[in-house]
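**Q** Below is a structure I'd like to ask you about.
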Amino acid sequence: MTTSATPGRATRGAATSAHEPDSSWRERLGALLDDFRRRPRPATSHERFAAAVAWQSELVDAGLAAPGWPEAVGGLGLDLTDQLDYYRMMTAAGAPKHPCSLSFIVAPTLIVHGTDAQRQRYLEPLLRADEFWCQGFSEPGAGSDLASLSTRAVREGDHYRVTGQKIWTTMADRADWMFALVRTGEPGRGTSGVTYLLIAMDSPGVEVRPLRDAAGGRHFAEVFFDDVVVPVANRVGDEGGGWSIMRTSLGHERATAFLADEFKYRTTVDKVVRLAIAQGYRDDALVRQRIAELETDVATIATNSARALGAVLRGEDPGSVASINRLVKSEFEQRMHRLALRLTGPGAVLGGRSFGAVDGGRWTHGYMMTRASTIGAGTAEIQRNTIAESVLGLPSHRGEGRRAPAVAPGRPLAAPDPDEAVVRETVADMVAALVAPDRLVSGEVDRAQTWMSLVDFGLPGLAAAQAWGGGGAPLGLLCAAVEEAAYHLAPVPLVPTISALALLTEAGAQEHARRLIDGERAVVVVATDDAGWRIGASADPAGLVTIAEGVLSGTVGRVVGAPDADVLVVLAREADSGELVIAVVEQADVQLIPEEPLDLTASAAQVNLDGVTGTVVASGDTARRASVYAHRVALLMIAADSVGVAARAVAMAVDWAGQREQFGRPIGEFQAVSHRCADMLVDTESARNQVQAAAAVESDPDNAEPAVLLAAAQALSAAVRVTESCIQVHGGIGFTWEHPAHLLLRRALSNEACCARPEALRDQAAEHVISRIESA
């Protein structure tokens, strides 16, 4: 049922889950965490480790461990939303994490593929942290190229004899068990004949040799197997079926684990912000940009994690989303610690154990440790290979042909819900039938017909209240529609009209809003600068439109969409009081001086309002509130448009990279090209997720502003990077006038400039973050 807190704006009640689990876990966990907060904190690393082990047993005894595991194996069986709440509660209380994170890679594998006996034997000791696990995948000759593993397991009756070596094995010196991949089939490279075994680390013939890492610690080791006897009962799944089982392990490593990582990263980024404030960098422009970028990264990881875990819970392979998140996470960790180390100033000359090290040397140690973030569990380069070949379907860099893409390149990696799927398909088909890129270049597209087709579908009023003739849809659905229209380069003022409609609906101007819902085109006329609409009380009055007794005065240049508009919605200042005023003007009454637009799918003009009479529809607080809301909507719609442009660029680049040959090979086989395409996808998918997440919190005033600022900055910047890369992938043909690649770049550049610059948006978002930390 649709309700409306603001008369013309549709809002929706909280969605209820089809699965309504017992909510007593929340009260029980809250009580346990309240008790935990009152306890003294351990002082040394050894005490913290012991406390973490003891805490896991407390959780198990209280029936509060493993929120996502099925209840049948000792978990809580919570749905995704409740799992997020669980981790938020744990993080807020400062509760220790499980001391062996690797246990939660093998556990889902045992739940899915293990026998009843294996689940009964291993899961509870694992959950209590009574037994620790290590992962035996990498070998000296098989790191990222895991299919080259050579550790052998030969079956003799009811046991295997294992011979070989594993390397880079984290916690091998503490582990009680290893889950390992061994080769039971023919020697050589390949994924067949690989078996998944559980090996007791105290077995005769197992030797662990610790390795010292670049940070000075001994966190991993070499492990040697000399004719080690492993019972067949310790095999998980069928002999030779280990490769597919391993994908379950890595899928959960890169999906379920990231769910908790969001809250860990949130806490760590807050510490970096506190460091910036303490070190005197609060107002440093470059540092503020970096803080905003970290905030964007955390949000990207969170949205990707939720989608990847959703795939796991549906029984689907989360590989495509998880590979993207793995890459984003690893590079984020490095950027975060690089910034933190920079913020220590001259303190960065000291080692982590020096008595003068900033924050006890944690940032120096963290920086050195995160050098491994883009190496372990598949290097960043291998992740890009996986994204390019398995997700985008580009030719194998090893000359092994092509796989089908996970989804059509440029399309959302996560299947949309039914309503969104209908909107996307309908808008895409409608615009594609009317708009061809070559006809755009030659000016042969019927823009009026394209507009009316969108109006017939329900745009631009898709998210307006049903009582006013709108569709009553959530804002995220409108973003999806705008994205699809942009994907097909619809040459219509959709975003300007939606922005004007948001201003009118929030102002309560029903009569004028209904004109736009019924199909009239509109634009907001307002002075802008790099930070966006100049609507604040402290805005420089130079260049602002004024109004006195209903008569407007002033000129606003570079108004995108003005020549196509039927209605102009003007933001002006009352000449005497300085109050903000919203006035409606007919385009026919205004002097327009057309300007050449950079974006060939748009129009632009200078708008001269001197002596024009406007109909005032709101003033004072109402006008201010409406303009703040409409500015957020405008940013969100421009961001969605930019996502559509970037998605089209990804599709075009991948298509060309798969068919264009150089040196006798498709250019997509060359990693310089395929990795560029992978980065284009990561940029686009991350921006799409940010926009949808921001749309989802629009009704929450505390979170909406920073979420929209970050999403818009991400999308605007990503679209320019991706469209530039599209031209680069196409080479000379992409630089020709006839090729549509430049149309995408032009639209992306125009979006980046027409409302607010991404750098200014990030600076505003950073202020929100810093202020939140300072007021905590």
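Every number here is computed from the coordinates shown, using simple stated rules; none is lab data. Since the model is a prediction, treat every value here as computed from it, not as a measurement. Neighbour counts run over all protein chains shown; Cβ positions are idealised from the backbone, glycine included.
**Q** Across region 598-614, in residue order, what do the Karplus-derived ³J(HN,Hα) couplings come to in whole Hz, using 6.51 cos²θ - 1.76 cosθ + 1.60 with θ = phi - 60° and x for Gly and Pro?
**A** Coupling constants for region 598-614: 5, 7, 6, 9, 10, 10, 8, 7, 8, 10, 9, 9, 4, x, 7, 8, x Hz.
**Q** If a/c stays under 1.5 just call it rounded; otherwise compare a/b with b/c (prolate if a/b is bigger, oblate if not). Do that for region 158-295, with a ≥ b ≥ c from the square roots of the Cα gyration tensor eigenvalues.
**A** Prolate, because a/c is 1.5 or more and a/b exceeds b/c.
**Q** Can you return the lysines within cross-link range of LYS97? Criterion is Cα-Cα under 16 Å, with same-chain partners fewer than 8 residues away left out.
**A** Leaving aside lysines fewer than 8 places away in the same chain, those within reach of LYS97 are LYS264.
**Q** Here's a follow-up. What's the magnitude of the charge dipole for the chain around its Cα centre, counting Lys and Arg as +1 and Asp and Glu as -1 at the beta-carbon? Answer in Debye, nearest 20.
**A** 2200
**Q** Which cross-chain or sequence-distant (5 or more) residues have an amide H under 5 Å from the amide H of LEU394, H modelled 1.01 Å from N in plane?
**A** So LEU394 has HN proximity to GLU389.
**Q** At what distance in angstrom do the alpha carbon centres of region 134-177 and region 630-663 lie from each other?
**A** About 43 Å separates the Cα centre of region 134-177 from the one of region 630-663.
**Q** Here's something else I'd like to know. Among 690-697, 333-340, how do they line up by average Cβ neighbours within 10 Å per residue, starting with the highest?
**A** Those peptides, ordered most packed to least, come out 690-697, 333-340.
**Q** Another question, then. Run lengths n ≥ 4 of DSSP H only: what is the helix-derived mean residue ellipticity at 222 nm for the chain, with -39500 (n - 2.57) per run over all residues, to the nearest 500?
**A** Result for the chain: -16000 deg cm²/dmol, rounded to the nearest 500.
**Q** A further question on this structure: Express as a percent, rounded to the nearest 5, the fraction of DSSP beta bridges in the chain (both residues included) that run antiparallel.
**A** Of the beta bridges lying entirely in the chain, close to 85 percent run antiparallel.
**Q** Hey, got a sec? Which GluC sites (Glu not before Pro) in region 466-555 land in a DSSP loop and have at most 16 other Cβ atoms within 10 Å?
**A** GLU549
**Q** Right, here's the next one. Normalised radius of gyration for region 635-759, please: alpha carbon Rg relative to 2.2 N^0.38 Å, two decimal places.
**A** Rg over 2.2 N^0.38 Å, computed on Cα atoms: 1.14.
**Q** Another one. Please say if region 24-117 is rounded, prolate or oblate, where rounded means a/c under 1.5 for a ≥ b ≥ c the square roots of the C-alpha gyration tensor eigenvalues, and otherwise the choice is prolate for a/b larger than b/c and oblate otherwise? Display every interim value, and only then the final one.
**A** Values: a/c = 2.16, a/b = 1.37, b/c = 1.58.
Because a/c hits 1.5 or more and a/b fails to exceed b/c, region 24-117 counts as oblate.
**Q** Positive end of the dipole of the chain, charges at C-beta (+1 Lys, Arg; -1 Asp, Glu), about the Cα centre: which of TYR160, ALA480, LEU544 has its Cα farthest in that direction?
**A** TYR160
**Q** Treating only the Cβ of Lys, Arg, Asp and Glu as charged (+1, +1, -1, -1), what charge dipole size does region 635-759 show about its Cα centre? Round to the nearest 20 debye.
**A** Computed charge dipole of region 635-759: roughly 460 debye.
**Q** Exposed loop sites here are chymotrypsin sites (Phe, Trp or Tyr not before Pro) in DSSP loop states with at most 15 other C-beta atoms within 10 Å. What is the longest stretch of the chain lacking them?
**A** The longest uninterrupted stretch comes out as 1-354.
**Q** Follow-up question, since we're still on this one. Roughly how many nanometres apart are two label points built 7 Å out from the Cα toward the Cβ at GLN671 and ALA62?
**A** 4.8
**Q** Work out the charge dipole of region 635-759 with +1 on the Cβ of Lys and Arg and -1 on the Cβ of Asp and Glu about the Cα centre, then indicate which of ALA748, ILE638, ALA696 is farthest towards its positive end.
**A** ALA748
**Q** Within 10 Å of each candidate Cβ there may be at most 16 other Cβ atoms; applying that plus a DSSP loop requirement, which trypsin sites (Lys or Arg not before Pro) in region 377-423 survive?
**A** ARG398, ARG402, ARG403
**Q** Here's another thing I want to ask about it. About the Cα centre of region 126-205, how large is the charge dipole given +1 on each Lys and Arg Cβ and -1 on each Asp and Glu Cβ? Please answer in debye to the nearest 20.
**A** Approximately 220 debye in magnitude.
**Q** Under 18 Å from a point placed 7 Å out from the Cα of LEU286 along the Cα-to-Cβ direction: which residues of region 330-372 have their backbone N that close?
**A** 335-349
**Q** Once fully extended, how much extra length lies between GLU444 and ALA575, figured as 0.36 nm per residue of separation less the alpha-carbon to alpha-carbon distance? The partial results should precede the final answer.
**A** Values: separation 131, 0.36 × 131 = 47.16 nm, distance 4.47 nm.
Extra length from GLU444 to ALA575 when fully extended: 42.7 nm.
**Q** With the Cα gyration tensor of region 629-708 giving a ≥ b ≥ c as the square roots of its eigenvalues, does the rule (a/c under 1.5 for rounded; else a/b larger than b/c for prolate; else oblate) give rounded, prolate or oblate?
**A** Since a/c reaches 1.5 and a/b is larger than b/c, the shape of region 629-708 is classed as prolate.
**Q** Moving on. Give me the extension gain from THR91 to SER148: residue separation times 0.36 nm, minus the current Cα-Cα distance, reported in nm with one decimal.
**A** Using 0.36 nm per residue and subtracting the Cα-Cα distance, I get 16.6 nm.
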